[in-house]
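First the structure, in the form of structure tokens, and then the observations on it.
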Amino acid sequence: MLNQNSIWRYLLVIIVMGVSMLYALPNLYPNDPSLQINATRGADVTQQTVDQLQKAFTEQGLTPKSAVLEKGQLLVRFLNTEDQLAARELANKVLGDNFVTALNLAPATPAWLDAIGAAPMKLGLDLRGGVHFLMEVDMKTAMEKNVNDLVQAYRSDLREGKVRYRAVTADVANLRVNLSFRSAEDLAAAKTLLSGKDRDMTFTEADDLTLIAAFSEVKIKALREDAVAQNITIIRNRVNAIGVAEPLVQRQGAERIVVQLPGIQDTARAKEILGATATLEFRMVDEAGDLQSALDGRVPPNAQLYTDRQGRPVLLQKRVMLTGNHIIGANSSYDEYSRPQVNIDLDAKGGNTFSQATKEAIGKSMATVFIEYKPTDKKDAQGRTILEKKEEVINVATIQARLGRSFRITGVDSPAEAQNLALLLRAGALIAPIQIVEERTIGPSLGQENIELGTNAIMWGMILTVVFMGVYYKGVGMVGNLALASNVVLLIGVLSMVPGATLTLPGMAGILLTIGMAIDANVLINERIREELEAGRSVQQAIHEGYNRAFATITDSNITTFLVALILFGLGSGPVKGFAVTLALGIITSIFTAVTVSRLFVNLIWGGRKVDKLPI
Amino acid sequence: MRLLHFKEPINFMRFKWPAIVFSTLLVLGSLFAVFTKGINFGLDFTGGLVVEAGFEQQADLNKIRDALADNGFPDAIVQYFGTTTEVMIRIAPREDIEQAGSQIIEVIQKVEEGTVTKRRVENVSASVGDELKEDGMLALLASFIGIMMYVAFRFEWRYSVGAVMALVHDVIVTMGLFAITGMEFDLTVLAALLALVGYSINDTIVVFDRIREMFRKLRDATVEETVNDAITSTLSRTTITSGTTALSLVALFYMGGPLLHGFAAALLFGIAVGTYSSIFVASSIAVFLGASREDLLPEVIEKEGENTPSL
């Protein structure tokens, strides 16, 4: 008998629909307004911190829904937004500077769903409010800096190598360095010397005793990559400092960086932090000065009092040996005794200065000072946030030998600390200026409204379609409606499962459009069945033929739409990308539900037995 | 219940020439509108600043305009956005645009009673906008080429030319609508146009699939008769799916809020035009280019669908 469901179809549909329903489920639970608390600089939030906060909350009459400490991060949930905001202020006061608090909408997914990794769909900025920045790395300046650095490096290399030269000049327009000499011998010597040092450069001899050093294509590419990658690191660090739950810092194209900060409304503040420069300074420890008397307020005139990260006071000389903008690279590794260390590379000028300064200071202590500009709650006359300069000694080390362009800092506590320090050092030196080319702020109320608008539109779209299908195709139409409903569940389940899929307002329009597309497949099938019935076939044959013949057409017509969705995904950013994602996924889910799910029900209801009349 | 169900094939090919002429005129007219009147590109494409401000009561646009003009924003475009308590202000790209967002809110706050809320501020540089325009054109082009190749592979080049010309027609005419009405053409509208391309090709492919099937079934019929037969038998499906999609879009147009108005409008109109072009234009061009039975039926006759396993 035709049109009987195989066990496989049952299994497939039950498994697919079961799983997607399960993963779609978290979307039904509303989010909790919550506070996310992290410690700065790799420290952990401890149970002690939690108790301290709990006490403070109780005193203020704030009752958190829950407070969970996990992976060094504390998540405190509240019943409403007012409590959340009050709690943030309180937490900032109680915890001070070593912690970052961020407002968050934590999904209230029940534990058993959480355990299987189910989470609600990620909402785009247009649905939850926040700031979106598109930043462009100023490549021209970055490359100019590289050329100029090279000029400095070559001059000192030639001097050290005792090669006489007439001039070393930068040709920034062509990304080249021109070196001119007095004799052919000097030129040859320079060429041997320099090409031996740097294999990424190509050297060509021009007329009148000039040597042209040009970056190789590979090197130029690497420099560009570096500039963007490093800026992303810097921005990521700073974003973490602002205290944003679920920030997004992502590269877009060759020279752009997308930064999305959900929940942030104060763009001015965000912009200032992202644009602010954190930097490093190296200073000698003032060993002549008396620390105790300095603490009592009698600081020597040529010294300055600092504190290190453990809060211990350090007396440093006022004179800065070297500033952090000369750092061109930093990474962590291990020394001979497998102790963690940080390797630092300086540019040519920095190398010279440093070598001079350390020559006379062997055996003495040198401190590394980390300087950053942190936002405060105060605002100036124009309403802009005032930034506070924060200086902190991150490391004190004894100079073992004269230091040159590359040196290392030992005495770091742990490999993690070394890694962190290297990161901070790298992050301190901004390789290329950043320019904000796109900025979008979406208010939280607008986000909420957009969710309501989108949900309403989807609901009405569904109602209209369902009513039409029921009236026009009667019983079989209702089966199509069942398939349509499963499609929406499946799509939401898949959207919740796929990492990186974000629901946006256009994405909701995409879901709506998918409803139209899903019904298209059922219309094709139903029309086909009607035709077959008209051609005088039996009900069972008509169903069988209808599904089989329509299938090729359905795939044919959907493949092209899928193709367009892919192109759109490549083109779009933000909201439109969300549209492309729902459209593409919707096509796949709709084929499954329209063909397989609806067939299951049609077979179940009318298949495998003698039916005189099909309600279609 | 059955709509548009015909016992006898309708002679669509009789309208081949009128349809081609009508569509050509439509395309030329749209192009004329696009080039003379221009398209009112949205912020995404032009760059500049958009501020959406929310008011506690109905906002007085003239008062806002005057206040902005007095405070260094003479070029500000001020209009209601969705309701009369929401106002959209747009200014062209300029030097000190970074601060302009908060300045505008401040200026409005001074002249309006109640609290003015900053609902949305978007600031796009002109260079990003120009790039997007270029990328958008490329994306459209890429989708045309992709579809052309797919249809040529599944059917034959004459059909693929017909299909893609119908798509180009749909896109140009929809852009014409935006030029004539002056509706804002933003990134979501571009997304709608691309979705339209994907959607409109569906109808055409369904018709082509049926043409192939009919060629196989009706051995003695002429090409035109076969095409008529195919279009007639798929007519009901074509209009019904367009109808149900249109229903969803009507819901989106009325319920989806002002941000998706352009999107819904473009798709609604585009689907109407696309349905017409799938019925009257695509096949007509294929027939005009000399599509024949042999093109779609190779010596070895493979029965479409028969061998395709159903899920």
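The values are calculated or read from the model by the stated rules, or taken from the named source; none is laboratory data. Bear in mind the structure is a predicted one, so any value in this text is a computation, not a measurement. Note that each Cβ is placed from the backbone with ideal geometry, even for glycine, and that neighbours are counted across all protein chains shown. The area values use the complete protein model at the heavy-atom level, side chains included, leaving out ligands, DNA and RNA. Shrake-Rupley method; radii C 1.70, N 1.55, O 1.52, S 1.80 Å.
Give me the summed buried accessible area for the B-A pair, 1.4 Å probe, to the nearest 100 Å².
Details: alone 16220 and 30740 Å², together 40730 Å².
The B and A chains share an interface burying roughly 6200 Å².
Could you work out the Rg to Rh ratio of segment B:184-237, with Rh taken as the Kirkwood radius (inverse of the mean 1/r over all Cα pairs)?
Numbers: Rg = 15.8 Å, Rh = 12.7 Å.
Reported Rg/Rh (Cα atoms, Kirkwood Rh): 1.24.
Which trypsin sites (Lys or Arg not before Pro) in segment A:539-616 sit in a loop by DSSP (not H, G, I, E or B) and have at most 14 other Cβ atoms within 10 Å of their own Cβ?
Values: sites: A:ARG549, A:LYS577, A:ARG599, A:ARG609, A:LYS610, A:LYS613; in loops: A:ARG609, A:LYS610, A:LYS613.
Sites meeting the loop and neighbour criteria: A:ARG609, A:LYS610, A:LYS613.
In this structure chain B gives 42 Å² per residue of accessible area when probed at 1.4 Å with all protein chains present.
Give the average, rounded to an integer, of partner chain Cβ atoms located within 10 angstrom of each Cβ in B:137-143.
Neighbouring Cβ atoms belonging to other protein chains average 4 per residue here.
If you wrap a convex hull around the alpha carbons of chain B, what volume per residue comes out, as a whole number of Å³?
Numbers: hull volume 51.7 nm³, N = 311.
Given the Cα convex hull of chain B, per-residue volume reads 166 Å³.
Partners of A:LYS140 within straight-line reach, counting lysines whose Cα lies under 17 Å from its Cα and excluding those fewer than 8 residues away in the same chain: A:LYS219, A:LYS221. In the complete set of protein chains, residue-level accessible area for A:SER338 is approximately 80 Å², probe 1.4 angstrom.
Under a model in which nothing but the beta-carbon of Lys, Arg (+1) and Asp, Glu (-1) is charged, segment B:48-124 shows a dipole of about 160 debye around its Cα centre. Rounded to the nearest 20 debye, the dipole magnitude of segment A:32-106 is 100 debye, with +1 charges on Lys and Arg beta carbons, -1 on Asp and Glu beta carbons, and the Cα centre as origin. Counts of other chain beta carbons within 10 angstrom of each beta carbon in peptide B:116-125 average 6.
How much mean residue ellipticity at 222 nm does chain B get from its helices, if each DSSP H run of length 4 or more adds -39500 (n - 2.57) and you divide by all residues, to the nearest 500 deg cm²/dmol? Provide the component values of the computation, followed by the final result.
Numbers: 11 runs with 199 residues, N = 311.
That calculation yields -21500 deg cm²/dmol at 222 nm.
Of the residues B:ASN11, B:ASN71, B:VAL287, the one whose Cα sits farthest toward the positive end of the charge dipole of chain B, with +1 on the Cβ of Lys and Arg and -1 on the Cβ of Asp and Glu, is B:ASN11.
Using a cutoff of 8 angstrom between alpha carbon atoms and counting only pairs six or more residues apart, the relative contact order for chain B works out to 25 percent. Using +1 at the Cβ of each Lys and Arg and -1 at the Cβ of each Asp and Glu in segment A:50-145, identify which of A:ALA87, A:VAL137, A:ALA67 lies farthest towards the dipole's positive end. Projecting each Cα onto the dipole axis, the largest value belongs to A:ALA67. Taking GluC sites (Glu not before Pro) in DSSP loop states with no more than 16 other Cβ atoms inside 10 Å as exposed sites, chain A has its longest site-free stretch at A:1-286.
For segment A:32-106, the carbon plus sulfur part of the accessible surface works out to 47%, probe radius 1.4 Å.
Taking 8 Å as the Cα distance limit and 6 or more residues as the minimum spacing, I'd like the relative contact order of chain A as a percentage.
Numbers: 1131 pairs, mean separation 103.4, N = 616.
About 17 percent, as a whole number.
Mean residue ellipticity at 222 nm, helices only, chain A: -16500 deg cm²/dmol; runs of at least 4 DSSP H residues each add -39,500 (n - 2.57), and the sum is divided by the number of residues.
Going through segment B:108-215, which GluC sites (Glu not before Pro) have at most 16 other Cβ atoms within 10 Å and a DSSP loop state?
Working: sites: B:GLU112, B:GLU113, B:GLU122, B:GLU131, B:GLU134, B:GLU156, B:GLU184, B:GLU213; in loops: B:GLU112, B:GLU113, B:GLU156, B:GLU184.
The qualifying sites are B:GLU113.
Roughly how many debye, to the nearest 20, is the charge dipole of chain B about its Cα centre, given +1 on each Lys and Arg Cβ, -1 on each Asp and Glu Cβ, and no other charges? Don't skip to the end; give the middle numbers.
Details: 24 positive and 37 negative charges, 239 e Å.
Rounded to the nearest 20 debye, it is 1140 debye.
Taking every Cα-Cα distance in the protein assembly as shown and sorting them into 10 Å bins starting at zero, the pair-distance distribution P(r) comes out as 2, 10, 16, 18, 17, 14, 11, 7, 3, 1, 0, 0 percent.
Short-range pairs are left out: with C-alpha atoms under 8 Å and at least six residues apart, the relative contact order of segment B:74-166 is 14 percent. Summing charges over neighbours of B:THR115, with a neighbour being any other residue whose Cβ is under 14 Å away from its Cβ, gives -2 when K and R count +1 and D and E count -1.
For the peptide A:529-541, the mean number of other protein chain Cβ atoms found within 10 angstrom of a residue's Cβ is 1.
Largest first, the three principal axis extents of the alpha carbons in segment A:152-250 are 63, 25, 21 Å in whole numbers. Quick one: net charge around B:TYR199, please, counting Lys, Arg +1 and Asp, Glu -1 for every other residue with C-beta under 13 Å from its C-beta. Within the 13 Å Cβ shell, the charges total -3. Annotation: lysines with alpha-carbon distance below 25 angstrom to A:LYS613 (same-chain offsets under eight excluded): A:LYS474, B:LYS7.
Looking at segment B:43-91, which trypsin sites (Lys or Arg not before Pro) are DSSP coil and have at most 16 other C-beta atoms within 10 Å of their C-beta? Can you show the working numbers first?
Details: sites: B:LYS63, B:ARG65, B:ARG90; in loops: none.
In loop regions of segment B:43-91 (DSSP not H, G, I, E or B), there are no sparsely surrounded trypsin sites (Lys or Arg not before Pro).
Here's the picture: charge each Lys and Arg Cβ at +1 and each Asp and Glu Cβ at -1 in the protein assembly as shown, and of A:LEU305, A:VAL595, A:SER496 the one pushed furthest to the positive end of that dipole is A:VAL595. Taking all protein chains into account, the per residue accessible area for chain A stands at 45 Å² (1.4 Å probe).
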